[in-house]
1. I'm checking my understanding of the structure. Among residues of the stretch 449-473 that are surrounded by fewer than 15 Cβ atoms within 10 Å (Cβ to Cβ) and among the hydrophobic types (A, V, I, L, M, F, W, C), which one is farthest from Asn344 (Cα to Cα)?
2. Quick check on Thr235: is it more than 18 Å from Gly336 (Cα to Cα), open to solvent by 50 Å² or more (accessible area, probe 1.4 Å) and without any contact (Cβ under 8 Å) to a residue 24 or more places away in the chain?
3. Based on this model, can you work out whether Glu221 counts as farther than 24 Å from Met91 by Cβ, surrounded by 15 or more Cβ atoms within 10 Å (Cβ to Cβ) and acidic (Asp, Glu)?
4. Hey, Trp342 hits all of (1) closer than 30 Å to Ile132 by Cβ; (2) open to solvent by 10 Å² or more (accessible area, probe 1.4 Å); (3) not in a loop (DSSP other than H, G, I, E, B) but one; which does it fall short on?
5. Looking at the stretch 374-390, is at least one residue aliphatic (A, V, I, L, M), under 27 Å from the mean Cα position of the chain (by Cα) and either assigned to a helix (DSSP H, G or I) or more than 30 Å from Glu564 (Cβ to Cβ) (or both)?
6. Within the group Ser249, Ser291, which residue is over 24 Å from Glu330 (Cβ atoms) and not in a strand (DSSP E or B)?
7. Of all residues in the stretch 294-325, which are farther than 19 Å from Val105 by Cβ and assigned to a loop (DSSP other than H, G, I, E, B)?
8. May I ask you to list pairs of residues, at least six apart or on different chains, whose Cβ atoms are under 6 Å apart, with the first in the stretch 260-279 being in a loop (DSSP other than H, G, I, E, B) and the second being open to solvent by less than 10 Å² (accessible area, probe 1.4 Å) and of a type in the set (Val, Ile, Thr)?
Amino acid sequence: MDRNQATGLILFAAVILVYSIFFASTPEPQVQEPTGEVVSNVQEPQSSENLDLVLEEPDSLQDIRAQFQFGVFAPLTRGEASEATLENDKMIVTFSTKGAEITQVILKEFDSWDRTPLVLLDENSSDISYEINTTKGPLSLNEFFFNANTGTRTSEAGEISFVEFTAQTGSATIKRTYTLAAGSYLVDKNLELSGFGSQLVDSNVNILWDDRLKKHEEDIEESRRKTNINFYKSTGKHDYLSLTKEMASEQVSEPLKWIGFSQRFFTSGIIAANQFNSANLEQVTPKDTLSVKNLKASISLPLENGQAGLSYYFGPNNFKVLKSITPGFEENVDMGYVFVSWVNKYIIVNLFQFLEKYFSNYGIIIILVVLIIKGFLFPLTYKSYVGMAKMRVIKPEIDELKEKYKDDPTKQQQEQMKLFGQLGVSPISGCLPMLLQMPFLFAMFFFFPNSIEMRQESFLWAHDLSTYDAFIKLPFTIPFYGAHISLFTLLMTVSQIAYTHFNNQLTAAQGPMKNLGYIMPIGFMFILNSYPAALSFYYFVSNMVTFGQQALIKLFVDDKKIREKIEASKIKNANKKKSKFQQKLEDAMKAAEANKKKK
């Protein structure tokens with residue numbers, strides 16, 4: 001409480017005291033004439049209607065209180081609240097004339113997980129408040145009543161709906177104008193303050209946004225893992241609060257362009273026409289399930305000649321849509337780390353968008369994506385198969401060297417490298433092409449859990465490809481696995497184990513690498529059991545297509561012909577000098593062996 005507020009309260013108390021002493025009337029005692037009747041002293045109870053009138057504070061006292069708190073703005077605090085709306089084909093935005101602020105946003109194209117209308121925010125879950133700094137202290141514009149004027153106008157882009165809120169007292173006028181264009185998820189806002197004179201202490205508006213994010217998806221834990229605050233600095237740098245910490249906060253003193261309250265599939269964002277001066281950001285994961293996460297932002301918005309412009313975004317986390325809003329806004333969709341985000345942004349997103357034009361079933365689209373990617377990578381698959389076939393063909397020579405130099409590992413490795421050089425075989429020829437395919441596998445790991453295209457899309461027994469397909473629900477919970485069994489994940493695991501078995505026969509793998517190939521699918525079965533069904537289905541189809549490709553390659557790759565080529569290389573390279581790389585490798589191995597003997 002500051003000094004002005006304390007003084008106001010003291011004066012207010014003094015006024016009430018004076019009023020009660022000098023002006024409050026007391027009822028005169030009535031002399032009751034004696035009668036023969038017995039008069040009861042018990043009074044009739046007052047009706048609830050009369051009781052309300054007795055307890056209601058006189059208008060004059062309310063005016064006095066408002067005068068102390070708001071000064072010249074006191075008249076703006078009297079009125080009745082009503083609603084005004086803006087609507088287009090994408091959403092319905094509701095405002096209250098008390099505060100002239102957004103109280104509800106409904107996205108018309110989407111439903112919540114329980115098939116009810118998707119209310120992105122309402123007055124019970126979200127508070128957006130604008131404060132101005134005056135000589136009476138910080139005053140919230142949400143306490144003032146406005147007059148609303150709604151209408152439409154036509155522009156080159158199409159029809160635009162608008163609502164203009166005006167509050168005026170004396171020479172001071174506050175205007176808050178909102179516009180919503182057809183087909184847009186953006187609500188543009190212009191704030192104008194005029195005639196305030198010396199009442200304003202500075203030229204900043206403090207925006208306070210407290211949003212207790214409503215649950216829109218069935219799996220709240222997965223939603224929480226994908227919910228956080230993103231922000232974009234005017235320097236062009238994107239940053240965010242931690243996705244994993246239960247409580248995170250940051251004070252940003254640099255100018256900002258936008259702040260996004262990003263959920264798994266939807267974002268509520270605020271975008272400056274020019275910039276925000278600074279912001280304090282905070283996010284908390286509640287212990288209950290009443291909200292996904294509680295996000296707060298305290299933002300400083302500068303006024304220029306008494307005006308400021310900004311926009312609200314209320315819409316889906318569609319990469320193409322977000323990219324068209326403002327620079328960097330697409331970062332509200334997590335596309336993964338740098339080396340895989342490029343694959344998602346420039347290949348997968350465009351590929352899905354192309355196929356969506358011709359197919360409506362996303363299970364079919366996933367199959368086609370697998371076929372296209374596998375077809376594109378087929379030369380690498382072929383090269384990998386041939387490389388593994390060469391290693392299988394020369395396995396007898398390798399086993400002979402292992403037996404001959406089993407007591408001298410360094411000499412064994414040197415002779416193996418010499419053998420590889422003579423036969424024209426590279427030990428990594430089978431692995432390198434597979435390694436080049438890894439960015440696509442990792443890209444899908446980020447794409448499907450964050451792809452709104454999969455949301456509420458069914459395929460086979462999966463009612464929603466964006467969440468796990470609970471084929472069987474268990475009466476108990478298995479640690480690190482869950483209380484359900486995902487059939488797509490089981491199919492993926494079985495196909496991966498079968499592929500590993502086939503691959504081990506192809507490469508004649510031995511030792512730890514052979515067993516590792518069987519352990520990894522089991523581990524992924526536990527990890528992916530609660531991941532979106534679309535991801536497990538993609539990996540399953542990918543394994544099956546790989547089987548088909550290898551079966552096709554096997555028809556055209558003959559081990560006898562490979563052996564003939566290896567023998568020809570052996571004769572050709574009999575007198576070939578060692579390459580610089582081979583020589584350096586041998587020298588390094590000899591030096592390591594020498595150091596080992598010294599120790």
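The values are calculated or read from the model by the stated rules, or taken from the named source; none is laboratory data. From a predicted model like this one, the values you see are computed outputs, not experimental measurements. With ideal geometry, Cβ positions are generated from the backbone for all residues, glycine too; neighbour counts draw on all protein chains shown. Quick note on the areas: whole protein, heavy atoms, side chains included, nothing else; ligands and nucleic acids left out. Shrake-Rupley method; radii C 1.70, N 1.55, O 1.52, S 1.80 Å.
1. Ile472
2. In short, yes.
3. no
4. (1)
5. No, there is no match, as no residue in the stretch 374-390 is aliphatic (A, V, I, L, M), under 27 Å from the mean Cα position of the chain (by Cα) and either assigned to a helix (DSSP H, G or I) or more than 30 Å from Glu564 (Cβ to Cβ) (or both).
6. Ser291
7. Hits for the stretch 294-325 are Leu303, Asn305, Gly306, Ser324.
8. Cβ pairs passing all conditions: Gln263/Thr227.
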